[in-house]
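Asker: I am attaching a structure below and will ask some questions about it afterwards.
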Amino acid sequence: MYYCYLNTQIGDLLLAGDDTALCLIGFPEGSMRRDPDPDWIYNEKPFADARQQLLEYFDGDRKEFDLPLSLNGTEFQLRVLEELQRIPYGETTSYGDIAKRIGRPKAMRAVGAANGRNPIPIVVPCHRVIGSGGALTGFGGGLATKEALLRLEAENSRFPNVAEGN
């Protein structure tokens, strides 16, 4: 497994993966804070696209990611992660809404657990899932990070790009 770090407004993100796919984004704080395993090899080269796309995201220029991902989990967890990727930039949804969309309307807590195990946050936008009353709920990078990501998206989705001359 290769790894590198990316300096962002929310701190240094740990990126990990292999020659073909991104497997992990670790936050500098919170429950999703990760350090590289001792047998991992520092190498920025496999992450050139991921680094560029994440920097564009943090600059407000990228609304969707186009990266090869390696997602693991149960069938249910993978369905949740797939559904998370359908949440539009700048929008939020609830755990209950996700549960309904995957055909398991009573599985809100299980959706929350799968959301919390997301190995590739930001790219798989688990930060866009909030409580049914609109409250920010747990987040692997800490609630301040979740709030910062949602604020970034809200600020950059208010004014769509308008082509010159229109």
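Each reported figure results from applying straightforward, stated rules to the coordinates on display, with no laboratory input. Bear in mind the structure is a predicted one, so any value in this text is a computation, not a measurement. We place every Cβ from the backbone using ideal geometry, glycine too, and count neighbours over all the protein chains shown.
Asker: Provide the FRET efficiency to the nearest 0.05 for the ARG109-ALA154 pair, computing r from the beta carbons and using R0 = 30 Å. Provide the component values of the computation, followed by the final result.
Answerer: Details: r = 27 Å, r/R0 = 0.91.
Once rounded, the FRET efficiency stands at 0.65.
Asker: Place the peptides 125-132, 34-41 in order of packing, highest mean first, counting for every residue the other Cβ atoms within 10 Å and averaging per peptide. Provide the component values of the computation, followed by the final result.
Answerer: Numbers: 125-132: 20.8, 34-41: 10.9.
Going from most to least packed, we get 125-132, 34-41.
Asker: Excluding ASP49 itself, calculate the net charge of residues whose Cβ lies under 14 Å from the Cβ of ASP49, where each Lys or Arg counts +1 and each Asp or Glu counts -1.
Answerer: Taking every other residue near ASP49 into account, the sum is -3.
Asker: Given (1) 49, 39, 29; (2) 50, 42, 27; (3) 49, 36, 23 as candidate values of Cα extents along the principal axes in Å, which corresponds to the one derived from the coordinates?
Answerer: So the structure-derived entry is (2).
Asker: Here is a further query. When we measure straight from the Cα of LYS146, which aspartates and glutamates land under 12 angstrom away, once same-chain ones fewer than 8 places off are left out?
Answerer: GLU29
Asker: Using a 7 Å offset from the Cα along the Cα-to-Cβ direction at both ASN72 and ASP12, what is the distance between the two label points in nm, to one decimal?
Answerer: For ASN72 paired with ASP12, the spin-label model returns 2.5 nm.
Asker: Setting aside same-chain residues fewer than 8 positions from LYS45, which lysines have a Cα under 26 Å from its Cα?
Answerer: Qualifying lysines at Cα under 26 Å: LYS63.
Asker: Please state, as a whole number in µm²/s, the translational diffusion coefficient that the Stokes-Einstein equation yields for the range 75-157 at 4 °C and 1.567 mPa s, with Rh defined as the Kirkwood radius across alpha carbon pairs. Mind showing how you got there, number by number?
Answerer: Details: Rh = 12.5 Å.
Diffusion coefficient, whole number: 103 µm²/s.
Asker: Anything in the chain that counts as a DSSP H helix reaching 20 Å or more along its axis (C-alpha) with Kyte-Doolittle mean of at least -0.5? List them, would you? It would help to have the intermediate numbers written out before the result.
Answerer: Values: long enough: 143-157 (21 Å, -0.22).
Helices meeting the span and hydropathy rule in the chain are 143-157.
Asker: Between LEU136 and ARG62, what is the label-point separation in nm under the 7 Å Cα-to-beta-carbon projection?
Answerer: That separation, rounded to one decimal, is 2.3 nm.
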